[in-house]
1. Working from the alpha-carbon coordinates of segment B:27-94, get Rg over Rh, Rh being the Kirkwood radius.
2. Tell me the distances, shortest first, between residue A:124 and the same position across the other copies, using label points 7 Å along Cα→Cβ, in nm to one decimal.
3. Using Cβ contacts closer than 10 Å as the measure, can you line up A:20, A:40 from fewest to most?
4. For residue B:101, place a label point 7 Å from Cα along the Cα-to-Cβ direction in every copy; what are the distances to the other copies, in nm, shortest first?
5. Sticking to Cα atoms, compute the Rg of segment A:22-136 to one decimal and its Dmax as the biggest Cα-Cα distance, whole number, in Å.
6. Among B:85, A:78, A:50, which comes first, second and so on when ranked by fewest other beta-carbon atoms within 10 Å?
7. Just want the ordering: B:35, B:65, from fewest to most Cβ atoms lying within 10 Å of their own Cβ.
8. Pairs of Cα atoms under 8 Å, at least six residues apart: use those to get the relative contact order of segment B:42-136, whole percent.
DNA sequence: CAGGATCCAAATGGATACTG
DNA sequence: CAGTATCCATTTGGATCCTG
């Protein structure tokens with residue numbers, strides 16, 4: 001399981017898909033960093049590794065590479081290697097990747113509508129006696 | 001950060017949200033196990049801890065509890081405790097949680113349409129020379 | 001520049017035992 | 001039943017160094 005599962009969910013003992021039809025998609029589309037990467041690629045178009053890294057500084061080059069490989073393998077991103085010196089590699093979103101756009105838009109819409117409700121819920125929850133605990 | 005970040009993404013050094021407007025939602029809705037849990041609650045209605053666990057056997061009670069707490073805190077799930085003997089606790093999806101239904105439907109739809117494209121892409125990718133590597 | 005290789009710290013998740 | 005507490009194995013991501 002060397003390359004196939006890196007960055008993806010740690011290979012659940014049994015598969016969550018049995019209990020949830022959309023689990024596979026979630027695994028593919030919402031693995032760590034994939035959303036920022038896809039969004040950047042969609043928003044700013046084709047770009048080189050460093051540019052992408054500049055937009056998402058929180059991820060290390062190593063991990064960024066891993067995620068890009070994963071996305072490339074899943075057909076959501078296209079990687080183009082230009083054998084020059086210095087080497088130039090460009091990443092762009094694929095048609096398949098683009099087909100996710102409406103979904104992302106839906107997410108963004110839901111966020112705009114309900115994110116503050118979540119925050120309210122959190123405050124309300126934290127205000128009750130369940131609080132951080134740590135005291136028994 | 002004891003209770004706030006458990007099960008959620010490990011507190012990124014800087015926030016990915018800066019590079020992606022939907023990152024917060026992803027964190028809330030697509031944390032590990034949350035999709036199966038929400039889907040089960042939506043599909044089978046209000047149910048007790050054990051029932052839920054029976055539908056999602058792959059998760060351990062400990063983790064299931066953590067995730068349910070998280071969802072409760074975020075206002076996506078409602079927990080009802082009946083102080084009886086033996087104790088009875090019921091979980092159900094909240095209105096806020098229900099508002100995610102269209103999104104989930106969209107996901108399911110995308111999966112139905114494109115999941116095999118992803119599989120194809122994977123096969124194609126694995127068929128090329130990048131393969132598992134491990135040889136230089 | 002674009003990464004691969006290594007080594008290491010942190011964190012999640014599992015197993016088990018115990019409680020109200 | 002519905003958890004909580006503890007201990008431990010695996011995994012993941014970060015730091016650093018190196019190469020074509």
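Taken together, the values in this text are just the output of simple stated rules run on the coordinates, not laboratory data. No experiment lies behind these values; they were computed from the predicted model shown. Note: ideal-geometry Cβ built from the backbone for every residue, glycine included; neighbour counts use all protein chains shown.
1. 0.94
2. 4.8
3. With the fewest neighbours first, A:20, A:40 line up as A:40, A:20.
4. Label-point distances to the other copies, shortest first: 2.9 nm.
5. Cα radius of gyration and Dmax of segment A:22-136 are 18.5, 63 Å respectively.
6. Lowest count first: B:85, A:50, A:78.
7. Working: B:35 25, B:65 13.
Final ranking by Cβ density, sparse to dense: B:65, B:35.
8. Working: 59 pairs, mean separation 23.0, N = 95.
Contact order relative to length: 24 percent.
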